[in-house]
Amino acid sequence: MIFLLLLPLILSLLLIIGFKKSGFVSGLIGVCSTLVISYMMESLQLDLGVLYNSLLNTIILTLSAFLVILPGLTLNNILEDHGYNRSLQGYLKEMPIDRNHKVMLLVFGLLPALESITGFGVSLILAVPVFISLLKQETALKVSMLSMNIMPWGTLGLATVVGSKISSQPIESLGFLTACMSLFVFIVLGGICSFVLNENEIKYKNFIFGISIASTISILLMVFNYMGQVEIAGVLSGLITFLIFFSFLLVKNNSSLISEYKNILMNISPYILVIIILVILKIIVSLFPYLIESTTFHGVGVDLVFIKSPFLAIVIAILLIMSKNKSTKISIPINKTIKACSTLFVFILLSQLMNFSQFIDEIVVILNSNENSFLYHVSSPLIGMLSGFITGSNLGGNALLMDMQSSLGVVYNRELLFSAIQNASAGFAVFTSVPIIVLILTLAKNTQKSSSSMEQAMLRFGLKCLVPIYFSIVLAVFIIGNLSF
């Protein structure tokens, strides 16, 4: 019985892992199997109401992603065409700071901030060439993987926003609990980064620096999520972490703070512009709350508030940047956006069909027959990590399994906790997924030849990293589980 109910998920995952099928094809087969099983089993439902509600929610959730992905990728194309990225790369290479410290400044500061605005691995366009120019290629590729650490807040918190809608949890609560759960993960990542940079040796000072900078971004994530600034928490945390340790290292090296601050702020000015516009729009919405309801599209337990979407902020930033470069055409990545959203669409449709057809309810009832809560608190992070690893996306992982995880949480009166477990564990498994590894190797080939065995080496490295990450999430689950969440 449980196998049949899980068959759509098993089929999708098997097709991706075993048969190397695309996410779209794998998800589509999962959708078809869900429809067939719903029709065959009397305990499940399949009617026009189920189909309508599933499709409505899927359209709303996919549109939420589309309105961030399209302008985000467009902004990156403009920055690439106008030379912003090349200028920033050049400055980072020449920055008057120790090599290892410089790398960790990027991994736990600037790159997470950039990924929080653009998302979908776009920050790697900046990261990979810079790291390859500073490090051995194998080390550079591993460090590039570790820089993808901000996923629950990547693309302006899109995965967390969508996760909160699917689980019906307040976004502020989900974001804050995810941040709390991430502290041990960031500490582990800081230690791993230091270990890799010192060629698999532990050097006390660099190790402490790595732990310190990783802990700082994690603590700032808690602060900004607690303040309710979930969408821009990653951007602000990354930038402030970068500036704090950037200043410390400049003072230590007797460099001119004013001169270096002027250079770095000028190079990251487009990203600061987006943050300023986002803050202004938040203020406008708080002053005119009627704008929320008048721009809201409602689904069944989910909605899209257009005025709160980062879409407007990024579009305004694009228009302001283009006003200074009127002769340059805008390259809008429609095909890339449609490809990303089509895969997301089928995974969301799969999860929504399983929800409205009562798959999730039936699974939870069966799981509830085993009252070993310890087992589920330990297995839930593993399930979440698997979803992020397979889909290569925090957003895709949440779309696939957030319904099941939050429903399982209802059984133990811990819906928020289990939703946060899914959000955090899926996000922190993405860096070792095959899509991210392929993207890194593709960018590396533009600057230096990569061996065919490097993909497997990176995958092995990522899987080794996931072991301590898993145990750190489990540790956080048991600590938080004893608190009033």
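FYI, it's all coordinate maths here, none of it is from the lab. Keep in mind that this is a model prediction, so the values were computed, not measured. Counting neighbours? That spans all protein chains shown, and the Cβs are built from the backbone with ideal geometry, glycine included.
With each run of n ≥ 4 DSSP H residues scored as -39500 (n - 2.57), what mean residue ellipticity at 222 nm is computed for the chain after dividing by its residue count and rounding to the nearest 500 deg cm²/dmol? Walk me through the intermediate numbers first.
On the way: 23 runs with 371 residues, N = 485.
-25500 deg cm²/dmol, from helical runs alone.
What is the spin-label model distance, in nm, from Val36 to Phe195 if the labels are put 7 Å beyond Cα along the C-beta direction?
Spacing of the two 7 Å Cα→Cβ label points: 4.4 nm.
Using a cut-off of 15 Å between beta-carbons, work out the net charge of the residues near Gly154 (Lys and Arg +1, Asp and Glu -1, Gly154 not included).
Within the 15 Å Cβ shell, the charges total -2.
Pairs to check: Lys165/Lys336; Lys339/Lys464; Lys282/Lys339; Lys142/Lys205. Give those whose C-alpha atoms are more than 28 Å from each other in this structure. Intermediate values should be presented prior to the final figure.
Details: Lys165/Lys336 25 Å; Lys339/Lys464 30 Å; Lys282/Lys339 30 Å; Lys142/Lys205 21 Å.
Beyond 28 Å: Lys339/Lys464; Lys282/Lys339.
If you average 1/r over every pair of different alpha-carbon atoms in the range 386-426 and take one over that average, what Kirkwood value in Å do you get?
9.7
So if each residue of separation counts as 0.36 nm, and I subtract the Cα-Cα distance between Leu14 and Thr296, what length gain in nm does that give?
97.8 nm is the gain from fully extending Leu14 to Thr296.
What's the local net charge at Ser164, with K and R +1, D and E -1, over the other residues with C-beta under 14 Å away?
-3
Listed here are the pairs Lys102/Lys203; Lys136/Lys203; Lys93/Lys329; which of them are more than 21 Å apart at the Cα?
Beyond 21 Å: Lys93/Lys329.
Relative to the present Cα-Cα distance, how much length would full extension add between Ser342 and Ile219 at 0.36 nm per residue of separation? Intermediate results must be reported in sequence, preceding the final value.
Details: separation 123, 0.36 × 123 = 44.28 nm, distance 3.52 nm.
Gain in length upon complete extension: 40.8 nm.
Which of the aspartates and glutamates could be linked to Lys324 by a straight reach, that is with a Cα gap under 20 Å, when you skip same-chain ones fewer than 8 residues away?
Correct list for Lys324: Glu80, Asp81.
Hey, got the Cα dimensions of the range 239-312 along the principal axes, in Å, largest first?
The principal-axis extents, from largest down, are 57, 22, 19 Å.
Give me the distance between the Cα centres of the range 68-108 and the range 388-411, rounded to whole Å.
Centre-to-centre (Cα) distance: 31 Å.
What is the ratio of the Cα radius of gyration of the range 20-172 to 2.2 N^0.38 Å, where N is its residue count, to two decimals?
1.40
So if each residue of separation counts as 0.36 nm, and I subtract the Cα-Cα distance between Asp303 and Val438, what length gain in nm does that give?
Here the answer is 45.2 nm.
Treat each spin label as a single point 7 Å out from the Cα along the C-beta direction, and report the Leu463 to Asn325 distance in nm.
4.2
How are the C-alpha pair distances of the range 122-239 spread across 10 Å bins, as whole percents from the shortest bin up?
14, 39, 32, 13, 2
Quick one: the Cα spread of the range 289-367 along its three principal axes, in angstroms, biggest first?
Cα spread of the range 289-367 along its principal axes, largest to smallest: 62, 35, 17 Å.
Checking a compactness column here: for the chain, what do you get for Rg(Cα) / (2.2 N^0.38 Å), N being the number of residues? Each step should come with its number before you reach the end.
Values: Rg = 21.9 Å, N = 485, 2.2 N^0.38 = 23.1 Å.
Output field value: 0.95.
Taking the mean number of other Cβ atoms within 10 Å as a proxy for protection, how do you rank 61-71, 21-31, 203-213, 247-257 from highest to lowest?
Ranking the peptides 61-71, 21-31, 203-213, 247-257 by packing returns 61-71, 21-31, 203-213, 247-257.
Give me the percent relative contact order of the chain, please, defined on Cα pairs under 8 angstrom at least 6 residues apart.
Result for the chain is 24 percent.
Using a simple spin-label model with points 7 Å from Cα along the Cα→Cβ vector, what separation in nm is obtained for Ser247 and Ser133?
Between Ser247 and Ser133, the label points sit 2.7 nm apart.
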